[in-house]
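The structure is given below, and queries will be raised subsequently.
The values are calculated or read from the model by the stated rules, or taken from the named source; none is laboratory data. Here the structure is a predicted model, which means the values were calculated and not measured. Heads up, the Cβs are rebuilt from the backbone with ideal geometry, glycines too, and the neighbour counts pull from every protein chain shown. Surface accessibility is based on the protein's heavy atoms, side chains included, excluding ligands, DNA and RNA. Shrake-Rupley method; radii C 1.70, N 1.55, O 1.52, S 1.80 Å.
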Amino acid sequence: IYGTVDWYESYVSADVEGISYSGDRCPIYKHGTAGSRIGDLQLILPSPRFPDFIWTWMSECVVTDRVLNLLKENGFTGFRERAARIVRVKRLRKTSQVEIPTVWELVVAGKGGEAHPDSGIRLLYLCKGCGLRKYSSFQNGFVVDTNQWDGSDFSTVNGYPAFILITERVKNFITENKLVNCSILRAEDIE
């Protein structure tokens, strides 16, 4: 386990502003789906402390320019960056000379496929009209089916995009560099 509760208490999740979604509709059954986000993240930080990882209330992962460059230099796979910007920092005096860092949304592109049956995750519903999928909850954490995993350092399993799975190599990189404001747990131990 890496990461402590006091990090969360120190940094708290960031708010976002000006975000909307495409609001897709199923062509056959007319149910709505969240659709894709329109625009880049505009962050409002709760304090003038800038951690290596910033998390939003919707579980988007944002990293500083320094962390993004380190990830690229180390050849990690399974992610792409998307522009993000800190637009406001609460409790920061207008006369303050604090330099606001450049940040990037870390979009996980690696595919873990369907979770291994041992996780308890199973497909409950597949809409024939739009492809919307609904999954059961997990019983034994996330067990990756290595036959479906694309081998990326960063990935997610189907149905759970907010849970970022990383390889041991990424875990070692984060702990060796003492990067703050993330928690690393064994996938099997997530409850």
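Out of all the residues in region 54-63, which are surrounded by fewer than 20 Cβ atoms within 10 Å (Cβ to Cβ) and in contact with a strand residue (DSSP E or B) (Cβ under 8 Å, 6 or more places away or on another chain)?
W55, T56, W57, M58, C61 - these are the residues of region 54-63 that are surrounded by fewer than 20 Cβ atoms within 10 Å (Cβ to Cβ) and in contact with a strand residue (DSSP E or B) (Cβ under 8 Å, 6 or more places away or on another chain).
Which of the residues belonging to region 57-92 are among the small types (G, A, S) and touching a Pro at 6+ places or on another chain (Cβ under 9 Å)?
S59
Right, another one. Based on this model, can you work out whether N158 counts as among the polar types (S, T, N, Q) and under 23 Å from G35 (Cβ atoms)?
Considered against the rule, which asks whether it is among the polar types (S, T, N, Q) and under 23 Å from G35 (Cβ atoms), N158 comes out as yes.
In addition: Would you mention how many residues in region 77-109 are hydrophobic (A, V, I, L, M, F, W, C), within 15 Å of S13 (Cα to Cα) and not in a strand (DSSP E or B)?
Final tally of qualifying residues: 0.
Could you say which residue among R85, R66, R80, R91 is out of contact with any helix residue (DSSP H, G or I) (no Cβ under 8 Å at 6 or more places or on another chain), open to solvent by 70 Å² or more (accessible area, probe 1.4 Å) and at positive phi?
After applying the criteria, what remains is R91.
Would region 132-152 turn up any residue that is assigned to a strand (DSSP E or B) and of a type in the set (G, A, S)?
Checked against the condition, which is being assigned to a strand (DSSP E or B) and of a type in the set (G, A, S), region 132-152 yields no hits at all.
Can you report the number of residues in region 27-44 which are surrounded by 14 or more Cβ atoms within 10 Å (Cβ to Cβ) and either without any contact (Cβ under 8 Å) to a residue 40 or more places away in the chain or more than 22 Å from F163 (Cα to Cα) (or both)?
So the answer is 2.
Could you tell me which residue of region 116-131 is surrounded by the most Cβ atoms within 10 Å (Cβ to Cβ), considering only residues that are in a loop (DSSP other than H, G, I, E, B) and of a type in the set (G, A, S)?
Ranking the candidates gives G120 first.
Now a separate question. Hey, can you tell me all the residues within region 149-188 that are open to solvent by 60 Å² or more (accessible area, probe 1.4 Å) and closer than 23 Å to G75 by Cβ?
Hits for region 149-188 are W149, D150, E168, R169, K171, E176, N177, K178.
Then there is this: So is S155 of a type in the set (S, T, N, Q) and either in contact with a helix residue (DSSP H, G or I) (Cβ under 8 Å, 6 or more places away or on another chain) or not in a loop (DSSP other than H, G, I, E, B) (or both) or not?
Yes, satisfied.
Of the residues S137, S119, S96, S155, only one is of a type in the set (G, A, S), under 21 Å from the mean Cα position of the chain (by Cα) and under 27 Å from P51 (Cα atoms); which?
Exactly one residue qualifies, and that residue is S155.
Now a separate question. Kindly evaluate V108 against the criterion of being among the β-branched types (V, I, T), in contact (Cβ under 8 Å) with a residue 24 or more places away in the chain and farther than 15 Å from T77 by Cα.
Answer is no for this residue.
Taking interchain pairs and intrachain pairs at least six residues apart, which have beta carbon atoms under 6 angstrom, with the first residue in region 111-138 and in contact (Cβ under 8 Å) with a residue 12 or more places away in the chain and under 13 Å from Y160 (Cβ atoms) and the second surrounded by 11 or more Cβ atoms within 10 Å (Cβ to Cβ) and among the basic types (K, R)?
S136/R122
Filtering region 99-115 down to residues that are among the acidic types (D, E) and surrounded by 13 or more Cβ atoms within 10 Å (Cβ to Cβ), which residue is farthest from I184 (Cα to Cα)?
Only one residue fits best here, namely E114.
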